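Quick notes on the structure that follows.
Nothing in this text is a laboratory measurement; each read-out follows from the coordinates by a stated rule. As the structure is a computational prediction, the values presented were derived from the model and not from experiment. Virtual Cβ from ideal backbone geometry, glycine too; neighbours counted across all protein chains shown.
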Amino acid sequence: MNITEVVGSLLALAGAAWTLLGALGLLRFPDVYTRLHGAGLGSSGGITLILVGAAVHFSSHAVTFSLLALLTIVFILLSSPLGSTAMLWAAHRTGTPQMAVPVVDEMDACDDAEPEKTAAPPQDPSPSAPPPP
């Protein structure tokens, strides 16, 4: 066993552990928004580490495989965040509830829906004006 095989195996093992942590986050987090965060980071990070490990492991045997693995990593790192964001936007637009006490809803201002009319009625600016009959 040479060093590239050992490093490649360790990277693949780290990627499998990272993916496992993402799967645990998918099970443990309270709502769809945090679950997608854990699943998105776990899958893209884990697959990236596994592919880097495979590219390092087979670098001395097949250079073409290493280049294809690196191209696959680029594709995953570009597409996975976009897919997670699209699913989060869909969940928010359909009104999927957040956790019990959300800290801030930054996406609320981005909705195309018409805001609710909760403002108080306008008051007369001059306090000395007589009341209407």
Residue order, fewest to most surrounding Cβ atoms within 10 angstrom, among Ile76, Ile50: Ile76, Ile50
In Hz, Karplus ³J(HN,Hα) per residue of region 90-100 (6.51, -1.76, 1.60; θ = phi - 60°; x = Gly, Pro): 5, 5, 5, 6, 8, x, 5, x, 8, 4, 3
In Hz, Karplus ³J(HN,Hα) per residue of region 73-85 (6.51, -1.76, 1.60; θ = phi - 60°; x = Gly, Pro): 4, 4, 4, 5, 5, 8, 8, 5, x, 5, x, 5, 5
Normalised contact order of region 5-85, rounded percent, pairs of Cα under 8 Å and 6 or more residues apart: 35
Cα gyration tensor, region 1-83 - rounded (a/c under 1.5), prolate or oblate: oblate
